[in-house]
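Read the figures in this text as sums done on the coordinates, not as results from a lab. Here the structure is a predicted model, which is why all the values come from computation and not from measurement. When we count neighbours, we look across all protein chains shown, and the Cβ atoms used for this are built from the backbone with ideal geometry, even at glycine.
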Amino acid sequence: MNPRVGSPDLIPPDVRARLRGLHLFARGNAGGDGLGQHASRSRGAGLEFAQYRAYEPGDEPRRIDWKLYARSDRYFVREAERDSPLTAWLIIDATASMRQADIARPDVSKLDAAKAIAACAIELALRQGDRFGLIALGGSTQLLVPAGAGPRQRDRCLLELARINAAGSWPGIASQRPLRERIARDALVVFLSDFFDDAAVELAELLALARREVLTVQILAGDERDFPFSGGQRFLDPESGIERRVDANAVRQDFLERFGAARANLARDFTARGIRHVEHVLGEPSDAPLQRFFGQRSARA
Amino acid sequence: MSFALLAPLGLAALAALALPILIHLIRRMELRTTEFAALRWISDRVRPRRRIRVERPWLLLLRLALLALLAVLLASPVMTEVALPTQPWALVVPGVDRAAAQAAVTTSGVQWHWLAPGFPTLDNAPSSTAVPVASLLRQLDADLPAAAALTVVVPDQLAGLDGERMQLTHAIDWRVVDGRMPDSAAAPATPIRFSVRYAPAAEPELAYLRAAVAAWNVREPGRYVLDMEAVSAPIADDARWLAWLAPDLSTQASAWIDRGGVALVVNHAASDAEALWRDASGRVLARQQVVGRGRLIGLPGALDPATLPILLDADFPERLQAALQGAPTPPTRAHAGDVRPLHAAATSKASPARSRDSARPLDLWLALLIALLFLVERSVATRTRAQAAA
């Protein structure tokens, strides 16, 4: 039996159990070319029946199989293999700010949390038969795993995930254009970053503007949210290299206000653009953002 | 019980207290860099800190206390017992009438003692009436605490003194009453045997010795017995003085001197001995040294006028007699009013009276306390360091 690369570490058993109830979907149209404007019974030669799935609020009513309903008195939706050719893209921030970890648990950094969430999303996409691809940006890292489906794609993605290291700062706009063109219209984009760089925020907004469905997860360290430091401290910004000696007790209140305001502004801006946004703090389980995006309650369009 | 420091200069070590204060103020050295990605939201405008902030003030206080205790340990702390004010003492020399003594001293509440070895109270009889008064007074001066008052009742004619005037640290009330201390039995004048052992070559020198002895016998008839023999003749046991007029001292003679005899030896060179006779120009004519229990008077040359010019002086017999007799004993009797003790200030801080106060050293307790504080300081320091690292 081939051991899965990195996956036992990235997805602990309890998270894996909870993932079974999750289902990736895009809020807008369910899929791409397979469905047309017209509803018809015979969908065409290319459509293959894959499975029946229980009806969930938010599914289009015309996809309900009425013959099955007549037989079982319960609503079921037909799913074909090409019915939801969803392409999920995972964009991971690999800049130096993602190296931050909590003082209490220095072995789990923000990048590690991003990798775990990405692995969960990949598992979901694999289970659904969807296509998925991986992008990582930061410093010298410009990683692109083209979209594909199947276990081999999953292994390829997990291998590349394990190789990502956090360094440097976000690349310029110019180098991001080819990436933007790779992501097709109506693809699902899960953006895992701390969004300290304005360029990352811009990329997310540009993608949303270009009618890609963008889901952003802002990953923060517990120390950044709470600022538990006290006394004299010397802080180093890993991306800019700036060192500052501060008295932690004196700056705490001001930092919490300013940082909180920055996070609130970010959430507001994203929501205004139609980007679904959640925050993830280190220490929370890896499936929590996906639960919030794709769980039962948030299935509503 | 009062706290005292035997070596207060050790408190100069308190200057080391500045060191932990400096270390706790210089925070640059202690800060370790912490990565913090959200640094840009920490505002630049931090209100300027005017007051001096000290890192970990409790640890600083602990370290200061540790150093202060070390400095006190260096200064040898002791717990001295403050001498309770003792009752004034009144001492009576044995031989003085008790009633007269008690009438002479009018202060009340005194302790009466005989001035005798052991200082018995007046109810007991003193062991003897011939007491070394000066020695006993000095002993009492050393033993009693400084606050005690002393009154001494002495007879008019005081014996038992020594050659030195009494200087005591206590102020003594010297009461003289009539009376006299009994005389010590006068030593009978024993005949002194003066043995001379001469080599045949030294026969001419015998004349001088014969003349000297004859001069002595004029003053004290029949007391000095001359005994002249050849070198080989043994020295009688009862001989008190010896004149050795031969080149080398025989072993029997050396043993005799060791046992306590006084000998005049010619041709004896001893450059480090004490000079006994000098001539007018200061040249040493005879040296004297203590050998065992006896004395040896060495002449560098022979007993003739060429090397010993004083041989022909009229007072040579007296000088020879004085040299052979040794230092005279000091007088022991005097009028009490003339030998009143002088008051001497305590010259040294560590006077005998003070050191005899029971001073319990605190070193052991202080060392234990310092060790305990050190353990506490180490645990606090490593705990805060672990907290800062965590």
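Within a Cβ distance under 10 Å of B:T190, other residues only, what is the Lys/Arg minus Asp/Glu net charge?
Residues near B:T190 contribute +2 overall.
Stretching the chain fully between B:A214 and B:T384 yields a gain of 51.1 nm (0.36 nm per residue, less the alpha carbon separation).
As a check on your grasp of the helix formula, calculate [θ] at 222 nm for chain B: sum -39500 (n - 2.57) over DSSP H runs of n ≥ 4, divide by the residue count, round to the nearest 500.
Values: 9 runs with 110 residues, N = 390.
Using -39500 (n - 2.57) per qualifying helix, the result is -9000 deg cm²/dmol.
Remark: B:M166, B:M79 ranked as B:M79, B:M166, counting other beta-carbon atoms within 10 Å and listing the fewest first.
Which FRET efficiency value, to the nearest 0.05, do you get for B:S271 and B:A171 by plugging their Cβ-Cβ distance into 1/(1 + (r/R0)^6) with R0 = 60 Å? Once the sixth-power term is evaluated, E becomes 0.75. What is the distance, in nm, between label points placed 7 Å from the Cα along the Cα-to-Cβ direction at B:L14 and at B:L366? Here the modelled spin labels are 1.3 nm apart. For the options A:E181, A:E239, A:E79, a Gaussian network treatment of chain A with springs between C-alpha atoms closer than 10 Å singles out A:E181 as fluctuating the most.
Identify the trypsin sites (Lys or Arg not before Pro) of the stretch A:168-211 meeting these criteria: DSSP loop state and at most 15 other C-beta atoms within 10 Å of the C-beta.
Details: sites: A:R180, A:R182, A:R185, A:R211; in loops: A:R185, A:R211.
In loop regions of the stretch A:168-211 (DSSP not H, G, I, E or B), the sparsely surrounded trypsin sites (Lys or Arg not before Pro) are A:R185, A:R211.
Where both bridge residues fall in chain A, DSSP classifies roughly 40% of the beta bridges as antiparallel. Taking the DSSP bridge list for chain B and keeping only pairs wholly inside it, about 35 percent are antiparallel.
Note on A:I219, B:I23, A:I11: ascending count of other Cβ atoms within 10 Å places them as B:I23, A:I11, A:I219, the fewest first. Based on the Cβ-Cβ distance from A:A70 to A:A167, what FRET efficiency comes out when R0 is 60 Å, to the nearest 0.05? Efficiency computed from Cβ-Cβ geometry: 0.50. Close amide H partners of B:A199, meaning residues 5 or more places away or on another chain with modelled amide H under 5 Å apart, are B:L245, B:A246.
If R0 is 51 Å, the Cβ-Cβ spacing of B:T33 and B:T107 corresponds to a FRET efficiency of close to 0.05.
Put simply, the amide H of B:L264, placed in the peptide plane, has neighbours under 5 Å in B:L242, B:A243, B:W244, B:I297, leaving out anything fewer than 5 places away on its chain. Neighbour counts of other Cβ atoms within 10 Å put A:D247, A:D130 in the fewest-to-most order A:D247, A:D130.
Taking 0.36 nm per residue of sequence separation and subtracting the Cα-Cα distance, how much length would be gained by fully extending the chain between B:D237 and B:Q325, in nm to one decimal?
Working: separation 88, 0.36 × 88 = 31.68 nm, distance 1.76 nm.
Computed gain between B:D237 and B:Q325 is 29.9 nm.
Per-residue 3J(HN,Hα) values for the stretch A:207-224, derived from phi via the Karplus relation 6.51 cos²θ - 1.76 cosθ + 1.60 with θ = phi - 60°, read 5, 5, 5, 8, 6, 9, 7, 9, 10, 10, 10, 8, 9, 10, 8, x, 5, 6 Hz in sequence order (x marks Gly and Pro). Close amide H pairs (under 5 Å, H built 1.01 Å from N) link B:V177 with B:V154, B:D156, residues at least 5 positions away or on another chain.
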